[in-house]
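**Student:** Attaching a single structure in structure tokens format; questions to follow.
The values are calculated or read from the model by the stated rules, or taken from the named source; none is laboratory data. Remember, predicted model here, so these are calculated numbers, not experimental data. Here the Cβ positions follow ideal geometry from the backbone for every residue, glycine too, while neighbour counts run over all protein chains shown. The area values use the complete protein model at the heavy-atom level, side chains included, leaving out ligands, DNA and RNA. Shrake-Rupley method; radii C 1.70, N 1.55, O 1.52, S 1.80 Å.
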Amino acid sequence: MFPPEFLQRLHRMLGASEFAAFLAAAERPQCSGLRVNTLKTDTPPDLSGFCTEPIPWAAGSSFCRPEARPGLSPWHDAGLYYLQEPSAMAPAGLLDVRPGMRVLDLCAAPGGKSGQLAALLRGSGLLVSNEIHPKRAAVLAGNLERLGAADALVLNEHPQRLAERFPGGFDRVLVDAPCSGEGMFRKEAAAAADWSPELVAMCARRQQEILSSAAELLRPGGRMVYSTCTFSPEENEGVISAFLKAHRDFRVAEVSAPWFAPGRPDWVDDPAPGLERTFRLWPQHLRGEGHFAAVLERDGAAPAAPWSGPPAAAMPAELRDFCDTVGAALPPGRLLAFGRSLWMAPAELPALDGLRVLRPGLELGEVRKGRFVPAHAWAMWLKTAGSVADFPADSGEIAAYLAGETVPGPQVGWTLLTVDGLSLGWVKGSGGVLKNHRPKGLRRMVKREKL
């Protein structure tokens with residue numbers, strides 16, 4: 001499971017007693033966490049069949065029962081919750097995000113932390129979720145769509161390009177940096193197979209570059225969190241120490257997080273002040289695979305740098321008629337024509353020309369042959385509509401819908417299909433049948449009773 005040279009390094013770092021505790025923790029079953037998505041509902045159904053006790057460092061989250069499989073539930077398809085390794089839920093909470101802020105998740109895929117940040121914004125403000133790898137960026141966009149996040153942009157850019165484009169533009173920046181993945185060894189065999197001291201050193205160099213770009217993006221007085229899922233001092237305290245020496249206007253914030261162990265300045269040559277205020281999440285001390293986090297604040301006090309976004313598009317009559325006929329609400333923001341579709345972009349949207357944009361906000365749909373055809377993303381954001389077809393999670397109707405099949409129902413025209421009151425997608429009713437409009441890429445085989 002663990003590379004021998006990694007174990008030797010860890011033994012030297014921890015000492016015999018702590019190292020033994022680490023190995024004992026590695027024998028425990030892996031655990032996962034479930035975070036309720038408050039963008040969907042503040043009153044979720046009973047999840048006790050999936051969950052045990054709350055995760056103390058992540059509001060609205062619980063540890064999952066070992067035997068539970070919540071990812072197979074239609075509630076997961078509806079975006080009711082996000083499943084995530086428990087210690088990975090810590091960095092977003094340390095960022096202190098509040099509604100109305102501009103927030104950047106710089107290395108955001110697959111989207112668990114971005115989903116937490118979007119929920120903290122509560123539909124007010126701007127979330128820019130960036131991922132440099134195109135395939136991972138597509139996964140990120142899909143997860144934010146499932147969670148019903150309206151005020152989130154998804155970009156596929158290099159961090160330095162964003163720093164040049166939006167200097168001082170954000171109130172909060174999260175840097176969950178790509179790392180050697182020592183906390184992922186039990187979950188991903190490839191992480192253990194690829195590990196080497198050379199990889200650790202390479203990751204540390206890359207992390208310093210990313211963190212320097214992130215610093216340019218943060219306004220004076222703003223907060224930044226740097227995190228990894230690795231244990232190596234080179235990638236953790238070492239990166240923060242080098243950063244602080246190069247950026248004298250930053251300091252490690254004093255934040256109370258009693259669940260976590262302090263950072264280890266003694267593992268770094270010539271450490272910068274404040275490293276003891278960083279956090280280590282050790283698997284021998286909490287239920288999780290491990291993490292590191294540093295809360296950094298920039299000196300000064302200034303609002304985020306102003307920017308001007310693209311002009312709003314005029315609302316076509318077809319969209320207005322659809323809203324009136326179907327009773328579908330629109331999120332606040334700025335109407336934007338992007339590609340063939342209409343989108344509702346956040347009011348704080350910056351100019352996006354020249355950037356690789358996967359998602360400029362909430363996709364509403366497109367006009368086809370004089371009629372408006374709604375997008376799946378809009379359905380996932382909606383709480384209700386004028387016409388709704390609701391079914392229980394364990395019903396044959398929901399199983400049929402998830403498989404891409406028609407569903408019986410008396411509704412006529414565009415209808416929001418919901419599962420236990422949670423939006424799941426569009427159907428279109430005629431003659432006692434609800435035609436399925438779930439995107440083909442999301443359909444799955446589901447065992448069910450014949451309707």
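**Student:** Is segment 147-165 home to any residue that is open to solvent by 20 Å² or more (accessible area, probe 1.4 Å), within 21 Å of Ser62 (Cα to Cα) and not in a loop (DSSP other than H, G, I, E, B)?
**Tutor:** No - not one qualifying residue is present in segment 147-165.
**Student:** Which residues, counting only those in segment 29-56, are assigned to a loop (DSSP other than H, G, I, E, B), among the charged types (D, E, K, R) and modelled with pLDDT of 95 or more? Working first, answer last.
**Tutor:** Taking segment 29-56 first, the residues assigned to a loop (DSSP other than H, G, I, E, B) are 29-32, 37-50, 55-56.
Applying the additional criterion that residues be among the charged types (D, E, K, R) yields 40, 42, 46.
Lys40, Asp46, listed by residue number.
**Student:** Considering every residue within segment 127-135, establish whether at least one is part of a helix (DSSP H, G or I), out of contact with any Leu (no Cβ under 8 Å at 6 or more places or on another chain) and either among the acidic types (Asp, Glu) or open to solvent by 30 Å² or more (accessible area, probe 1.4 Å) (or both).
**Tutor:** Going through segment 127-135, the residues part of a helix (DSSP H, G or I) turn out to be 134-135.
Okay, now just the ones that are also out of contact with any Leu (no Cβ under 8 Å at 6 or more places or on another chain), so 134-135.
Now narrow it down to the ones that are either among the acidic types (Asp, Glu) or open to solvent by 30 Å² or more (accessible area, probe 1.4 Å) (or both): 134-135.
There is at least one residue in segment 127-135 that is part of a helix (DSSP H, G or I), out of contact with any Leu (no Cβ under 8 Å at 6 or more places or on another chain) and either among the acidic types (Asp, Glu) or open to solvent by 30 Å² or more (accessible area, probe 1.4 Å) (or both).
**Student:** Evaluate the following for Thr418: is it at pLDDT 95 or above and open to solvent by 60 Å² or more (accessible area, probe 1.4 Å)? I'd like the intermediate steps shown before the answer.
**Tutor:** Working: at pLDDT 95 or above: yes; open to solvent by 60 Å² or more (accessible area, probe 1.4 Å): no.
No: the conditions fail for Thr418.
**Student:** For segment 81-97, how many residues meet the condition of being assigned to a helix (DSSP H, G or I) and touching a Pro at 6+ places or on another chain (Cβ under 9 Å)? Talk me through it step by step, then tell me what you get.
**Tutor:** Applying the first criterion (assigned to a helix (DSSP H, G or I)) to segment 81-97 yields 86-94.
This time we only want the ones that are touching a Pro at 6+ places or on another chain (Cβ under 9 Å), so: 87.
Residues meeting the conditions: 1.
**Student:** Continuing with the same structure: If the requirement is being within 24 Å of Gln30 (Cβ to Cβ) and either open to solvent by 10 Å² or more (accessible area, probe 1.4 Å) or in a helix (DSSP H, G or I) (or both), which of these qualifies: Gly123, Gly71, Gly100?
**Tutor:** Gly71
**Student:** Which strands (runs of 3 or more DSSP E) does segment 313-391 wholly contain that include 1 or more residues that are among the polar types (S, T, N, Q)? Steps first, please.
**Tutor:** Details: elements: 334-338, 341-345, 357-359, 362-368, 371-374, 388-391.
The strands (runs of 3 or more DSSP E) meeting that bar are 341-345.
**Student:** Taking Arg280 as meeting all but one of (1) open to solvent by 10 Å² or more (accessible area, probe 1.4 Å); (2) in a strand (DSSP E or B), write down the number of the exception.
**Tutor:** Checking Arg280 against (1) open to solvent by 10 Å² or more (accessible area, probe 1.4 Å); (2) in a strand (DSSP E or B), the one that fails is (1).
**Student:** Okay, next question. Being over 23 Å from the mean Cα position of the chain (by Cα) and open to solvent by less than 50 Å² (accessible area, probe 1.4 Å) narrows it down to one of Ala328, Ala345, so name that one. If you could, list the steps in order and put the result at the bottom.
**Tutor:** Values: Ala345 fails: over 23 Å from the mean Cα position of the chain (by Cα).
Criteria check complete, one pass: Ala328.
**Student:** Where the second residue is among the β-branched types (Val, Ile, Thr) and the first is at pLDDT 95 or above and lies in segment 351-370, which pairs have Cβ atoms under 8 Å and are six or more apart or on separate chains?
**Tutor:** Between residues of segment 351-370 that are at pLDDT 95 or above and residues that are among the β-branched types (Val, Ile, Thr), the close pairs are Val357/Val154; Leu358/Val154; Arg359/Val154; Gly365/Val373; Glu366/Val373; Val367/Val373.
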